[in-house]
Amino acid sequence: MSAISKETQRLLGSGSTLRAMFEEGKKMVKIYGADDVFDFSLGNPSVPAPESIRNAMEDALENTESMKLHGYMSNAGFEESRQAVCDDLKKRYGASYAPKNIFMTTGAANAVVLALKVMLDPGDEVLVLAPFFLEYRNYVGSFCGKTVVVPANPPTFMPDTDQIAAAITPRTKAVIINNPNNPSGVVYGEETVRRLAAVLEAKQKEFKTTIYLISDEPYREIVYDGVQVPFIPKYYSNTLIAYSYSKSMSIPGERIGYLVMPDEIDESDSFIAGAAVSMRAIGSVNAPSLQQLAIIRAMAQLCDFEEYGRNRKRLLEIMDKAGFEYVYPQGTFYLFMKTPEEDDRAFVARAKDDHHLLLSAGSAFECPGYVRIAYCVPYDRIDRSESRFIALAHAYGLN
Ligand code: PLP
């Protein structure tokens, strides 16, 4: 019998196909050279972090008293960092929050995990909408919750409210949405959010329960063609927001973000108090102090997303020329392409072996029949990949 938990064994068994592809890419570069390998597998931001955040870190480092800079603090973070987040949310969305409603976290991942830790008892159900960021399953599993997958809704990939309603039971504690969406690149607009909110309200009434909506928003600002991302708490009062500067400031390694816990959520006082003890219970204690002080100084000075826009435009040209079908991407830096054969893993293998194109299988997001192309890469890589995609499509008779 193994000393390793069954849940960890499950994690080891499932592995990360995305990471595996990334490692494979590194091996291929050694064999074929960097110019002959087209790695579109990982969502690591390629736009440089703005100068402002680097300056902010230096300024915080130089001008903060040592005990404050390096010491322990409230689990929720510095009051002034949380106030700065409140001011930013007020300015951008007219939302009225106090520092107590904001919990500084080590990115959106920590924010989602923290929210789940506060609310989940073993066996509680959490709905996720395919295709989804696969870590959600692991986060829910950490608290012995049950992940309930609502099947994908192609070709629009908007939430299917009938399917969501059918999946909700008296044990449903939360629904996790991710807007703009990784991997589909779609953005849920106002109408969609209203419909989703109506279903959740109705189910809360029917079962006399609380259903929290966790809105995971690390790509909030990465949108194109003037698309608006609704501020979800305006539509559904039991909303929690998991936000991160990982993508908006290109600093995923720094681990900084926050969880918004509005007063309007059910049992908000207990939730807020519960978040502090939960942060300790999961061993995270508090978000990094230097980054908390830096984001106050660099707030609202986000990356220039122009480069992603340029990449997207070129990739769409290539897709159209090759003859592939895809979901029109309104946000993030991912394109979700329909595979011309049913077996997306076989397609990914063929793209890699025959054309050195490294893509991520839709199955990794519990949505077979598609692949994700991460276009957060140098423009040149996309530009030079044209002949590879055309040849790949040709092999399927698409051009
Ligand atoms: N949620 C989604 C949908 C993501 O794509 C990612 C990272 O890629 C995360 C959460 C985690 O981001 P963070 O670095 O903010 O923890």
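Please work out if TYR243 is of a type in the set (Ser, Thr, Tyr), closer than 26 Å to ARG54 by Cα and not in a loop (DSSP other than H, G, I, E, B).
Considered against the rule, which asks whether it is of a type in the set (Ser, Thr, Tyr), closer than 26 Å to ARG54 by Cα and not in a loop (DSSP other than H, G, I, E, B), TYR243 comes out as yes.
On the basis of being more than 23 Å from LYS234 (Cβ to Cβ), within 15 Å of the ligand (Cβ to nearest atom), among the hydrophobic types (A, V, I, L, M, F, W, C) and touching a residue at least 60 places away in the same chain (Cβ under 8 Å), does PHE132 make the cut?
Spelling it out, PHE132 is indeed more than 23 Å from LYS234 (Cβ to Cβ), within 15 Å of the ligand (Cβ to nearest atom), among the hydrophobic types (A, V, I, L, M, F, W, C) and touching a residue at least 60 places away in the same chain (Cβ under 8 Å).
How many residues does segment 94-114 hold that are within 21 Å of GLU79 (Cβ to Cβ) and part of a helix (DSSP H, G or I)?
7
Can you report the number of residues in segment 34-58 which are aromatic (Phe, Trp, Tyr) and more than 16 Å from the ligand (Cβ to nearest atom)?
Adding up the residues that qualify gives 1.
Only one of (1) among the charged types (D, E, K, R); (2) more than 19 Å from the chain's Cα centre (by Cα); (3) open to solvent by 90 Å² or more (accessible area, probe 1.4 Å) is not met by ARG19, so which one is it?
(2)
Output the number of residues of segment 209-240 satisfying the condition of being in contact with a strand residue (DSSP E or B) (Cβ under 8 Å, 6 or more places away or on another chain), part of a loop (DSSP other than H, G, I, E, B) and within 16 Å of the ligand (Cβ to nearest atom).
Counting residues in segment 209-240 that are in contact with a strand residue (DSSP E or B) (Cβ under 8 Å, 6 or more places away or on another chain), part of a loop (DSSP other than H, G, I, E, B) and within 16 Å of the ligand (Cβ to nearest atom) gives 6.
Across segment 246-270, which residue is nearest to the chain's Cα centre (by Cα) among those that are more than 23 Å from LEU42 (Cα to Cα), part of a loop (DSSP other than H, G, I, E, B) and not charged (D, E, K, R)?
Step by step, filter segment 246-270, then rank; the result is MET261.
I need the full set of residues from segment 337-348 which are open to solvent by less than 20 Å² (accessible area, probe 1.4 Å), out of contact with any helix residue (DSSP H, G or I) (no Cβ under 7 Å at 6 or more places or on another chain) and closer than 30 Å to SER246 by Cα, in order please.
Selection gives VAL348 alone.
Quick check on my filter: what residues within segment 371-399 are under 24 Å from PHE305 (Cβ atoms) and not in a loop (DSSP other than H, G, I, E, B)?
Those that are under 24 Å from PHE305 (Cβ atoms) and not in a loop (DSSP other than H, G, I, E, B): VAL371, ARG372, ILE373, ALA374, TYR379, ASP380, ARG381, ILE382, ASP383, ARG384, GLU386, PHE389.
Within segment 282-295, does at least one residue satisfy the condition of being within 16 Å of the ligand (Cβ to nearest atom), surrounded by fewer than 16 Cβ atoms within 10 Å (Cβ to Cβ) and either among the β-branched types (Val, Ile, Thr) or under 16 Å from the mean Cα position of the chain (by Cα) (or both)?
yes
Please specify each residue of segment 349-363 satisfying the condition of being closer than 24 Å to GLU135 by Cα and either open to solvent by 10 Å² or more (accessible area, probe 1.4 Å) or in a strand (DSSP E or B) (or both).
Scanning segment 349-363 gives ALA349, LEU358, SER360, ALA361, SER363.
If you check TYR328 against the conditions, is it surrounded by fewer than 20 Cβ atoms within 10 Å (Cβ to Cβ), of a type in the set (Ser, Thr, Tyr) and within 25 Å of VAL229 (Cβ to Cβ)?
Criteria met by TYR328.
Could you count how many residues in segment 327-360 are hydrophobic (A, V, I, L, M, F, W, C), in contact with a strand residue (DSSP E or B) (Cβ under 6 Å, 6 or more places away or on another chain), farther than 16 Å from MET158 by Cα and in contact (Cβ under 8 Å) with a residue 60 or more places away in the chain?
4
Against the condition of a type outside the set (Phe, Trp, Tyr) and touching an Asp or Glu at 6+ places or on another chain (Cβ under 9 Å), how does LYS26 come out, does it pass?
yes
Can you tell me which residue within segment 252-269, out of those that are under 10 Å from LEU240 (Cα atoms) and within 16 Å of the ligand (Cβ to nearest atom), is surrounded by the most Cβ atoms within 10 Å (Cβ to Cβ)?
Filtering segment 252-269 for residues that are under 10 Å from LEU240 (Cα atoms) and within 16 Å of the ligand (Cβ to nearest atom), the one surrounded by the most Cβ atoms within 10 Å (Cβ to Cβ) comes out as LEU259.
What are the residues in segment 56-78 that are open to solvent by less than 90 Å² (accessible area, probe 1.4 Å) and either at pLDDT below 95 or among the hydrophobic types (A, V, I, L, M, F, W, C) (or both), if any?
Within segment 56-78, ALA56, MET57, ALA60, LEU69, MET73, ALA76, PHE78 qualify.
So is ALA84 among the hydrophobic types (A, V, I, L, M, F, W, C) and either closer than 22 Å to ALA281 by Cα or touching a residue at least 12 places away in the same chain (Cβ under 8 Å) (or both) or not?
For ALA84, the condition - among the hydrophobic types (A, V, I, L, M, F, W, C) and either closer than 22 Å to ALA281 by Cα or touching a residue at least 12 places away in the same chain (Cβ under 8 Å) (or both) - is met.
Can you list residue pairs whose Cβ atoms sit under 7 Å apart, with the first residue in segment 223-243 being open to solvent by 40 Å² or more (accessible area, probe 1.4 Å) and the second being away from the ligand (no atom under 16 Å from the Cβ) and of a type outside the set (A, V, I, L, M)? Count only pairs 6 or more apart in sequence or on different chains.
Pairs that qualify, where the first residue is open to solvent by 40 Å² or more (accessible area, probe 1.4 Å) and the partner is away from the ligand (no atom under 16 Å from the Cβ) and of a type outside the set (A, V, I, L, M), are TYR235/ARG194; SER237/GLU264.
The values are calculated or read from the model by the stated rules, or taken from the named source; none is laboratory data. Worth saying up front: this structure is predicted, and the values here are computed from it rather than measured. Note: ideal-geometry Cβ built from the backbone for every residue, glycine included; neighbour counts use all protein chains shown. All accessible areas refer to the heavy atoms of the entire protein, side chains included, with ligands and DNA or RNA removed. Shrake-Rupley method; radii C 1.70, N 1.55, O 1.52, S 1.80 Å.
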